[in-house]
Amino acid sequence: MTLTKIPEKHFPKADLGRRASALGVDFFGTWLVSSVFGSGEYGVQVVQILIFVIVWLILRVVIPYNNKGQSLGRWAFDLKVLEFRELEFRRGRIPDLVSLSKREGIIGICLLLVSIAIANIIRNPTAILLVIPLVIDCGSAFSDTQERQALHDRFAGTMIVSSRRGYSLDLKLKRLVETLRRNMRR
């Protein structure tokens, strides 16, 4: 009987700029849909918050669960979410609904506070303090140079990795900017 070593899959960790851009695309889409249901007055809008939560869960939990770990923003920037327990990470397993719900619940609450801050910043400048939970959550990814996990990733046991499947929006934008620079030099 011989033992054969199964080759491990290599999943390169995503850089923070692409992760932030993908999160921004998902947040902007969710915020845009939920802002349609706002009344235009200052303060907390209950209907708008409910729509934000529903759209966020659909966009960041249901769609990635059925789409190989990719939401709209992650698809645009060639990223996907995987479980980060040693064996599952090597196999490239997509997190289950509970793990995705934990992960996106934490980051969703932080971004919900940011959307409330955006809506109320003109009348109440101290609303900018609502950004602090997002900074704390995502700031841990800057200090974790080895795994690059934010607090919501650590809590849910997930990791964002680069993928081959996607739109490559970041690469297309880089090419467009380089083309524009070359044309302006002429």
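Laboratory data are not the source of any read-out in this text; all were calculated from the coordinates shown. Being a predicted model, the structure only gives us computed values, none of them experimental. Please note: Cβ atoms are built from the backbone with ideal geometry, for glycine as well, and neighbour counts cover all protein chains shown.
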Original post:
Points 7 angstrom from Cα along the Cβ direction at V36 and T179: gap in nanometres?
Top reply: 3.1 nm
Subject >> Residue-averaged 222 nm ellipticity for the chain, from DSSP H runs of 4+ at -39500 (n - 2.57), nearest 500 >> reply: -17500 deg cm²/dmol
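Hey, what did the chain get for relative contact order, percent, Cα under 8 Å, at least 6 apart?
Details: 239 pairs, mean separation 51.0, N = 186.
Relative contact order of the chain: 27 percent.
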**OP:** Work out, in µm²/s and without decimals, the Stokes-Einstein translational diffusion coefficient of the chain at 37 °C, 0.692 mPa s, Rh from Kirkwood over C-alpha pairs.
**Re:** 183 µm²/s
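Pull out the extension gain between L171 and R123, defined as 0.36 nm times the separation in residues minus the alpha carbon to alpha carbon distance; nm, one decimal.
On the way: separation 48, 0.36 × 48 = 17.28 nm, distance 3.91 nm.
Full extension of this stretch gives 13.4 nm more.
Please work out the FRET efficiency for the pair V53 and L16, using the Cβ-Cβ distance as r and a Förster radius of 25 Å; give the result to the nearest 0.05. Don't jump to the answer; show the numbers that get you there.
Details: r = 26 Å, r/R0 = 1.03.
Rounded to the nearest 0.05, the efficiency is 0.45.
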Original post:
Of Q70, Q48, Q149, which is the most mobile in a GNM of the chain whose springs link Cα atoms less than 10 angstrom apart?
Top reply: Q48
Subject >> J(HN,Hα) series, the stretch 75-84, from Karplus relation 6.51 cos²θ - 1.76 cosθ + 1.60, nearest Hz, glycine and proline x >> reply: 5, 5, 10, 6, 10, 8, 9, 10, 5, 10
Original post:
Fewest first, what order do D26, D15, D170 take by the number of other Cβ atoms within 10 Å?
Top reply: D15, D170, D26
Subject >> Lysine pair number, Cα distance threshold 28 Å (strictly under), the chain, separation 8 or more or different chains >> reply: 19
Subject >> the stretch 51-66 - phi-based ³J(HN,Hα) in whole Hz, Karplus 6.51/-1.76/1.60, Gly and Pro as x >> reply: 5, 4, 5, 5, 5, 4, 5, 5, 5, 10, 10, 5, 5, x, 5, 9
**OP:** Compare the Cα positions of A22, V44, I94 along the charge dipole of the stretch 16-165 (+1 at Cβ of Lys, Arg; -1 at Cβ of Asp, Glu; about the Cα centre) and return the one farthest towards the positive end.
**Re:** I94
**OP:** Please report the relative contact order for the stretch 117-186, taking Cα pairs under 8 Å with a sequence separation of at least 6, and give it as a percent rounded to a whole number.
**Re:** 14 percent
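With all pairs of different alpha carbon atoms counted, what Kirkwood hydrodynamic radius in Å does the stretch 138-178 show? Intermediate values should be presented prior to the final figure.
On the way: mean 1/r = 0.0821 Å⁻¹.
After inverting the mean inverse Cα-Cα distance, the result is 12.2 Å.
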Original post:
Taking the chain as a Gaussian network, where each spring joins two C-alpha atoms under 10 Å apart, which residue of F84, F52, F11 fluctuates the most?
Top reply: F11
